[in-house]
Amino acid sequence: MRTIKLENQGQIWILTLQRPEALNALSSEVLSDLAEALDQLEEKPFSECRCLVLTGSGEKAFVAGADIKEISQMNQEESVEFAHKGQKIFSRFEELPFPVIAAVNGFALGGGLELALACDFMIASEKAKLGLPETTLGLIPGFGGTVRLSRSVGLNAAKRIIFTGEMITAVEAQAMGLVSQVVKPEELMATAIKVAETLCARGPVALHQAKKSIFGTFDLEKEEAMEFEAQRFSELFSTSDIREGTAAFLEKRKPAFKGS
Ligand code: CO8
């Protein structure tokens, strides 16, 4: 994997996009490398992986979008193939069985913001700028941006961001709920790791079921959604983690979850 680095600090994995000469733009090669990283991450048991942090290398950018040079050469058939490839990969991040944090260190534009939107939440540097500037190129977001942004911030804010193509600051993004925390650039990774450590201490199967319930109920009618949640809830009663978590509370100690 030439364009990304995948490393770990215990059960926390860190995926860094490293194509700083193009502000980490998503070329076909980057997308293939992301798919390869996902192949590895999807295989990892909870004993090895409980949280993923995604970030960009260099001072300037998380990811400045899909690679505009490549897009400029595409015909219609290639463009739909590229959109499907990106959408599929981003959905695989969304569906990972553990939480994924986007540590947004700089520009998160176009496909870059779409990638961050497929993460469970974003922590951003004060320097970060976020946006979907595709309409400035005569395009629209094609890696899930029109779908995920409106679900995340609501229709009106999403339309403003997509139609104007203008960037917003990390503080503005936090005000609309898009970003959970804004920190100084030098504190970004330490903050993301600290949040990841908190998540590592929670029941991993519980976090997985919570993700499934949050995504799985989004489009359901209320009664059906409640039943879906009840099923995810009850599945946890076949795990040792529920016994451990409740026993630890009663015995006034910290739980040692096994993820089974
Ligand atoms: N693609 C390719 N190269 C890029 C990209 C990009 N998205 N962004 C920056 N670069 C390159 C520049 O071309 C430049 O390369 P070089 O030095 O060889 O000229 C280098 O990175 C540094 O960039 P700048 O000199 O422009 O740096 P500035 O600090 O002046 O500006 C910006 C930084 C504001 C981030 C500016 O680079 C910019 O506007 N970039 C493009 C942002 C953008 O429009 N992103 C959306 C792309 S389209 C998209 O993401 C669609 C996703 C859905 C695809 C669906 C399938 C078809």
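Atom-type composition of the exposed protein surface of the range 204-250 places 64 percent of the accessible area on carbon and sulfur (1.4 angstrom probe).
Convex hull volume of the Cα atoms of the chain, normalised per residue: 138 Å³. Can you work out the FRET efficiency for the pair residue 237 and residue 75, with r the C-beta to C-beta distance and R0 = 30 Å, to the nearest 0.05? So the FRET efficiency works out to roughly 0.05. Projecting label points 7 angstrom from Cα along Cα→Cβ for residue 121 and residue 59 puts them 3.0 nm apart.
Each residue, residue 250 and residue 94, gets one label point 7 Å from its Cα in the Cβ direction; the gap between the two is 4.0 nm.
Carbon and sulfur atoms: what percent of the 1.4 Å accessible area of the range 4-200 do they account for? Walk me through the numbers on the way to the answer.
Details: 4520 of 8700 Å².
Within the range 4-200, the accessible surface is 52 percent carbon and sulfur.
Once a ≥ b ≥ c are taken as the square roots of the eigenvalues of the Cα gyration tensor of the range 108-155, is the result rounded (a/c under 1.5), prolate (a/b larger than b/c) or oblate (a/b not larger than b/c)? Oblate, because a/c is 1.5 or more while a/b does not exceed b/c.
Note that the chain presents 51 Å² accessible area per residue, ligands and nucleic acids not counted, probe 1.4 Å. Rg and Dmax over the alpha-carbon atoms of the range 5-106 stand at 14.2, 45 Å. Calculate how steeply helix 188-200 sits against the longest principal axis of the alpha-carbon atoms of the chain, using the helix alpha-carbon long axis, and give the answer as 0 to 90 degrees to the nearest 10. Tilt of helix 188-200: around 30 degrees. Legend: residue pairs 211/252; 44/194; 69/211; 5/194; 44/212, Cα-Cα distance threshold 24 Å; pairs beyond threshold, 211/252; 69/211. Protection proxy ranking for 122-130, 105-113, using the average of other Cβ atoms within 10 Å per residue and placing the highest first: 105-113, 122-130.
Gyration tensor over the Cα atoms of the range 150-260: the corresponding equivalent ellipsoid has semi-axes (square roots of 5 times the eigenvalues, largest first) of 34, 23, 9 Å.
Note on the chain: GNM, Cα springs under 10 Å; of 187, 224, 42, the largest mean-square fluctuation is that of 224.
Using 0.36 nm per residue and subtracting the Cα-Cα separation, the extra length available between residue 9 and residue 36 on full extension is 7.7 nm. If you build a Gaussian network model of the chain, linking Cα atoms that sit under 10 Å apart, which residue out of 168, 14, 214 swings the most? Evaluated over the chain, the most mobile residue of the options is 214.
For the range 204-250, the relative contact order works out to 37 percent when only alpha carbon pairs closer than 8 Å and six or more residues apart are counted. For the range 204-250, the extents of the C-alpha atoms along the principal axes are 36, 17, 16 Å, listed from largest to smallest.
Here is how the number arises for the chain: DSSP H runs of 4 or more residues each give -39500 (n - 2.57), the sum is divided by the residue count, and the result at 222 nm is -14500 deg cm²/dmol. Annotation: the antiparallel percentage among DSSP beta bridges lying fully within the range 4-200 is about 25.
The values are calculated or read from the model by the stated rules, or taken from the named source; none is laboratory data. The model shown is predicted, which means the values in this text are computed figures rather than measured ones. Ideal geometry is used to build each Cβ from the backbone, glycine not excepted, and the neighbour counts take in all protein chains shown. Remember, those area values only see protein heavy atoms, side chains included, never the ligands or the DNA or RNA. Shrake-Rupley method; radii C 1.70, N 1.55, O 1.52, S 1.80 Å.
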